[in-house]
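Data first, discussion second: the structure below is written as structure tokens.
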């Protein structure tokens with residue numbers, strides 16, 4: 001099971017994402033690092049394990065408050081051996097993401113299936129964003145798995161930072177729709193038992209933040225952890 005740490009960036013700081021309520025997010029306070037500095041957060045995660053992939057949510061961009069491309073580019077420069085997955089939604093015309101990142105585009109940012117069909121075949125990741133079982137954005141995307149890219153995140157926003165456990169029913173549903181896709185779970189993961197349950201269902205990777213910061217996911221006891 002591949003574990004991918006998460007950095008939720010707002011106003012240049014790492015924030016603690018809880019249940020998808022972005023208006024309530026506050027700067028990170030964690031036993032792992034002294035403050036909400038993104039560079040310190042990456043170092044803290046890497047002190048736990050040599051992770052080679054990080055997921056970055058540019059919440060400013062997702063909320064229409066501007067792009068944090070300078071910060072993301074600086075992270076890439078500081079950590080050239082890390083692959084950064086970057087979720088900024090659909091970029092505005094003329095607003096290019098920093099070079100070298102893998103774009104993540106969430107369903108909440110895709111207005112229609114036609115837009116999904118027109119997307120270039122470049123390397124990108126689709127995030128199916130759910131809240132309380134309902135998909136955000138164009139729900140018709142679920143009925144068109146033939147247009148999904150190779151990698152798909154199942155993001156249960158209402159479980160992010162909740163320690164409620166992953167939404168296994170939802171993950172099973174998406175897996176049945178596209179069993180040939182690389183499935184990535186996000187939201188609710190608490191411990192090694194959750195990872196085992198996800199892996200047994202064909203989930204390839206998981207996005208994690210709170211369980212790493214809290215210590216409830218003890219990497220030293222997980223012999224199959226991959227960076």
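Table for the structure above
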| read-out | value |
| --- | --- |
| Residue satisfying condition, being at pLDDT below 95, under 17 Å from residue 4 (Cα atoms) and surrounded by fewer than 17 Cβ atoms within 10 Å (Cβ to Cβ), within set 165, 133, 161, 94 | 165 |
| Selection count, the range 79-96, where residues are within 13 Å of the chain's Cα centre (by Cα), assigned to a loop (DSSP other than H, G, I, E, B) and on the phi < 0 side of the Ramachandran plot | 1 |
| Residue 80 vs. criteria exposed (fewer than 12 other Cβ atoms within 10 Å of the Cβ) and touching a residue at least 40 places away in the same chain (Cβ under 8 Å) | no |
| So residue 46, is it surrounded by fewer than 20 Cβ atoms within 10 Å (Cβ to Cβ) and under 21 Å from residue 217 (Cβ atoms) | yes |
| Residues located in the range 97-130, provided they are touching a strand residue (DSSP E or B) at 6+ places or on another chain (Cβ under 8 Å), part of a loop (DSSP other than H, G, I, E, B) and modelled with pLDDT of 85 or more | 100, 101, 124 |
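Okay, residues lined up against (1) in contact (Cβ under 8 Å) with a residue 24 or more places away in the chain; (2) touching a helix residue (DSSP H, G or I) at 6+ places or on another chain (Cβ under 6 Å); (3) in a helix (DSSP H, G or I):
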| residue | (1), (2), (3) |
| --- | --- |
| 141 | yes, yes, yes |
| 146 | no, no, yes |
| 149 | yes, no, no |
| 154 | yes, yes, no |
| 174 | yes, no, yes |
| 185 | yes, yes, no |
| 197 | yes, no, yes |
| 212 | yes, no, yes |
| 217 | yes, yes, no |
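The values are calculated or read from the model by the stated rules, or taken from the named source; none is laboratory data. The structure presented is a predicted model; accordingly, all values stated were derived computationally and were not measured. Positions of Cβ are generated from backbone atoms using ideal geometry, with glycine treated the same way; all protein chains shown enter the neighbour counts.
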